[in-house]
Each structure stands twice: as structure tokens, then as C-alpha cells.
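Q: To start, I am sharing the structure in question, which I have written as C-alpha cells.
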Amino acid sequence: MPAVFLKDRSLLLVSGAEAQSFLQNLITTDITSLGADEARPGALLTPQGKILFDFMIWQDGDGYMIETDAGQRDGLLKRLTMYKLRAAVTLATSTEEGVTVSWSEDAEGSQGVRDSQGVRDSQGVRDSRFAKAGVTLIRRPGKHGDGNEALYDALRISHGIVTSGSDFALQDAFPHDVLMDFNGGLSFRKGCYVGQEVVSRMQHRGTARRRVVTVSAATTLPETGTEITAGGKPVGTLGSVEGGSGLAIVRIDRAGAAMAAGTPLLAGETPVSLVLPAWSGLVFPTSGDEASA
């Protein structure tokens, strides 16, 4: 089971009597249904419904641990503090730096996360995004392994799991763009939160056109940020890259039309093929119809 230390991840602890209601009314994740050993993705949105901060969140005692990119930590803490007002909530940075991820594609591997009494132990929490793809991936604060980070990136890429910075820019993507409507990070059943009206409207109208895809090429892909085109027209932008595999957020209506017409897709000058993550259930539209599960 590989164990990779992600040094550029940081942790915030949200605790106090009103921690759950405070977060429930702010972020995209429904934390009232969060399992004791489960980490889910989440985001704090702009009022326009775009991702301002993205993170993983899980229960930590009577509070919640938020794992985010180290470059986002202070900004996220400041924004949460701004919303805190008189709420009975304590916000603090963790003394632990970085996060270790370990994984197995054997579902039985998840049993090691709990002790004999069924209580979560120090081995960490299961990442729900990978679970949907059939992979048991455990996230654990601190350094507990020295595997090459490229192993984790290759795993993410193969299963269509994006990260901000490498795959999309903050304040530029909607939750639907990064498949949060399928990976457990976006709730349509709980009450209002920042940006909720916009994402709910996108959901009900079926207007999401930009989606995450895995990108494959017979040769090494060009660098992150390279434009993907069809017939000379932009379709999307290349994100994380590992050799001949990568991720991109593309207009699946344009990509679907190009594939149906036999028009080559190119990342720069490199011919590529695009595949929607199987766990999403999405398909490429071949006409003006919506993508559907």
C-alpha cells in the first residue's frame, strides 16, 4: 500500500458548540450526514457560485478538520473568521503540517480504519472521492510515508480527481465543473449556503457544460495550461499531467460534437483522446442534448 506525504497541505480545526451549524450554513458539503471515518470534499463559494476555497473535511472529536492547500489556509481562516460573528465556534490552525495519503484498490482495505470497537483510529479517514471510483484511500495528518508524490498524482489522474491550482483556478470554476455534484461535495438537499442559489439553478436547469475528463496521448502530453482544441476551436485546458495521461476541464458538448464528427482533438499539437470518469455516469452529448447519467 503506497504512502505519500503531501507537504503542501495544511489543516484547520473548527470546534465549539455551534461548529456543525456554522459550517452547514456556509459550505457546499452536507456535514450532518458525514460518516465518522469519512472525509468529503467541499468548498466555500463566492456569492456568484464559483469556488473560492476548496478542501476536504472530516469529523475530529466534537469538531471538524479541514484539509486544504497550504496556500489557501490563511485566506480560508480569515474568511471563516469573518463569518463567525458571535457564533460559539473556535477556529485554529493545526500543529500538524502536511497530510499522508495511502491507498489500496481492494475494498477490504477500508476495514483497517476502525478499531475493534468500531471507533476511528489514528490510521486516518477514507476519502469519499476515491471510494466512488472503487479505491480505498486514507488521509492522515502529518508525515507517515515517503512515497513519490507522482504516484498520488497518477492515481488522481487515472480516476478523474482534480485539485485546485493544477487543474483549475479558484474563482474560475463552478462546483459542477469539477464534478462536486457527483463526488459528495455538493448538497442540493440542505438549506441555504453561500452561492447555493446559483449552483441549484445550474442543477435544475441542467446547464453544466464544463466537466472533468481524463486525457490520453500516445506520446508525452504537453505542459499544464496547454489549450485543447477541436477543428482549431478551443474545447478546454490541460491540467495535471503525468507522461501520456492527464486531466482537463472541457466543454463536453463541444468535445462530444467533435468526436461524433470524427474531428481530431489536440492538446497543442498532440492528438489526444478524452474520457469522462466512469464513476460520474456522465456521457458526451452528441448534439444539443444535455450530458446525462
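Q: If we keep just the residues of segment 112-147 that are modelled with pLDDT of 95 or more and polar (S, T, N, Q), which is farthest from G71 (Cα to Cα)?
A: This residue is T136.
Q: Of all residues in segment 249-268, count the ones that are of a type in the set (K, R) and either in a helix (DSSP H, G or I) or open to solvent by less than 50 Å² (accessible area, probe 1.4 Å) (or both).
A: Of the residues in that region, 1 qualify.
Q: Can we say S158 is in contact (Cβ under 8 Å) with a residue 60 or more places away in the chain and not in a loop (DSSP other than H, G, I, E, B)?
A: Spelling it out, S158 is indeed in contact (Cβ under 8 Å) with a residue 60 or more places away in the chain and not in a loop (DSSP other than H, G, I, E, B).
Q: If you don't mind, another one. Among the strands (runs of 3 or more DSSP E) contained in segment 19-70, which hold 1 or more residues that are open to solvent by 40 Å² or more (accessible area, probe 1.4 Å) and within 17 Å of G184 (Cα to Cα)?
A: In segment 19-70, 51-60 are the strands (runs of 3 or more DSSP E) which contain 1 or more residues that are open to solvent by 40 Å² or more (accessible area, probe 1.4 Å) and within 17 Å of G184 (Cα to Cα).
Q: Here is a follow-up. Of all residues in segment 1-28, count the ones that are closer than 23 Å to E197 by Cα and in contact with a helix residue (DSSP H, G or I) (Cβ under 8 Å, 6 or more places away or on another chain).
A: So the count comes out to 6.
Q: Then there's this: Picking from A218, A208, which residue would you name as being surrounded by 12 or more Cβ atoms within 10 Å (Cβ to Cβ) and either out of contact with any Phe, Trp or Tyr (no Cβ under 6 Å at 6 or more places or on another chain) or of a type in the set (F, W, Y) (or both)?
A: Only one candidate passes the filter, namely A208.
Q: Next up: Please verify whether segment 191-201 includes one or more residues that are in contact with a helix residue (DSSP H, G or I) (Cβ under 7 Å, 6 or more places away or on another chain), surrounded by fewer than 21 Cβ atoms within 10 Å (Cβ to Cβ) and of a type in the set (G, A, S).
A: For segment 191-201, residues in contact with a helix residue (DSSP H, G or I) (Cβ under 7 Å, 6 or more places away or on another chain), surrounded by fewer than 21 Cβ atoms within 10 Å (Cβ to Cβ) and of a type in the set (G, A, S): absent.
Q: Separate question: Out of curiosity, is D172 closer than 30 Å to T32 by Cβ and surrounded by fewer than 15 Cβ atoms within 10 Å (Cβ to Cβ)?
A: yes
The values are calculated or read from the model by the stated rules, or taken from the named source; none is laboratory data. Quick caveat: nothing in here was measured; it's all calculated off a predicted structure. All Cβ positions, glycine included, derive from the backbone under ideal geometry; neighbour counts span all protein chains shown. Heads up: the accessible areas ignore ligands, DNA and RNA and are worked out on the full protein's heavy atoms, side chains in. Shrake-Rupley method; radii C 1.70, N 1.55, O 1.52, S 1.80 Å.
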